[in-house]
1. Which condition from (1) crowded, with 22+ Cβ neighbours inside 10 Å; (2) modelled with pLDDT under 90; (3) of a type outside the set (Ser, Thr, Tyr) is the one that residue 288 breaks?
2. Residues that are β-branched (Val, Ile, Thr): find the helices (runs of 4 or more DSSP H) completely inside segment 240-353 holding 3 or more of those.
3. Residue under question is residue 51, and the condition is that it be surrounded by 15 or more Cβ atoms within 10 Å (Cβ to Cβ), closer than 27 Å to residue 302 by Cα and modelled with pLDDT under 95; does it hold?
4. Out of the residues in segment 15-24 that are within 21 Å of residue 346 (Cβ to Cβ) and part of a loop (DSSP other than H, G, I, E, B), state the one that is modelled with the highest pLDDT.
5. Of the conditions (1) aliphatic (A, V, I, L, M); (2) over 30 Å from the mean Cα position of the chain (by Cα); (3) under 24 Å from residue 239 (Cβ atoms), residue 1 satisfies every one except a single condition; which number is it?
6. Pull out all pairs, ordered by first then second residue, where Cβ-Cβ is under 7 Å, the residues are six or more apart or on different chains, the first lies in segment 287-298 and is closer than 9 Å to residue 269 by Cβ and among the basic types (Lys, Arg), and the second is crowded, with 16+ Cβ neighbours inside 10 Å and modelled with pLDDT of 85 or more.
7. Could you list, in sequence order, the residues of segment 49-73 that are acidic (Asp, Glu) and without any contact (Cβ under 8 Å) to a residue 24 or more places away in the chain?
8. Would you please list the contacts, defined by Cβ atoms under 8 Å and residues six or more apart or on different chains, that run from a residue in segment 96-122 that is closer than 20 Å to residue 222 by Cβ to a residue that is at pLDDT below 95 and among the acidic types (Asp, Glu)?
Amino acid sequence: MLDTKSVLEVLRPVQDPELQKSLVELNMIRNVAVEGSKVSFTLVLTTPACPLREFIVEDCQNAVKKLPGVESVEVEVTAETPQQKSLPDRQSVPGVKNIIAVSSGKGGVGKSSVAVNIAVALAQKGSKVGLLDADIYGPNAPNMLGLSAAKVMVKQGEEGEVLEPAFNYGVKLVSMAFLIDPDQPVIWRGPMLNSIIRQFLYQVDWGELDYLIVDMPPGTGDAQLTLAQAVPMAGAVIVTTPQTVSLLDARRGLKMFQQLGINLLGIVENMSYFVPPDMPDKSYDLFGSGGGEKTAQELNVPLLGCVPLEISLREGGDQGIPIVVAEPESSSAIALVKIAEQVAAKVSIAAFA
């Protein structure tokens, strides 16, 4: 007999490929309805940026079509991003489900560009996203998001004054650049750095966010320690380039997060190869090749992806139009979207671990 129970039973063996658990047991199959020979239900994924969305839908449809009498299967796909586990010694940010650090061992590897494009790519997929520019000494995220002229508003909240973040491309942003003049250097010692990062976490009206991406300063200093010790983090992404010097520093940054007990989501190899704009079929390994993959294998962490060096990627950052918006069909944009999907998938895995 074709009914709701039989549909759920035939769907029970279908698993989420990342979580390796039954969709039915995970309560990801809801609102099952049977109307004659037509079956419909809602598939609730763990992230709008699920990289295996089409495969899961196809597996569900194929399973239900095996039932006698079924002629059509309609699947409505939605998402509910899970809340990262809380920790007793760290204070969560109200309304923020997952905090992800994007860091690097050294400067000049394109960390901020990767962080900005991951944030925008997740927002394009339908997630609620914030970006905290924790690179206090070199705050560049506003320029990359087209918000260099923006002003953040101070308003009265329930527990005092709070900042209203700037907003563009679906991403809420707060940065030190909003609080100082363009040419003004930030000459602070560690305690002041610690204080402003905590203010950006707890005294900003972030609202409801699926992901808060934190663009960290390079290195293994006060900002990393402050973030790791203040909030429960979903994980960290390490950005490097293929050359040996960058990889050596990336390994140190990666080891730091491991020692602090932070989940390593993976490595991003930026500037993997150069694509000439007049010869898009050619590529050149300006900074070497295979370094990110080798490092990921040696340290037993995932390689999330490799981003080519394209002039349009640099131009997008300078003009305030992220490459995933400006040229979504470019090699670097495609790579960055896939990296964002991998980050979202691994955050979901960590939440269910």
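The values are calculated or read from the model by the stated rules, or taken from the named source; none is laboratory data. Quick caveat: nothing in here was measured; it's all calculated off a predicted structure. Using ideal geometry, Cβ is built from the backbone for each residue, glycine included, and neighbour counts are taken over all protein chains shown.
1. With respect to (1) crowded, with 22+ Cβ neighbours inside 10 Å; (2) modelled with pLDDT under 90; (3) of a type outside the set (Ser, Thr, Tyr), residue 288 is out only on (1).
2. Filter on segment 240-353 gives 323-326, 331-352.
3. yes
4. Ranking the candidates gives 23 first.
5. So residue 1 meets the others, but not (3).
6. none
7. 54, 58
8. Once the first residue is closer than 20 Å to residue 222 by Cβ and sits in segment 96-122, its partners that are at pLDDT below 95 and among the acidic types (Asp, Glu) give 104/249; 105/249; 106/249; 112/135.
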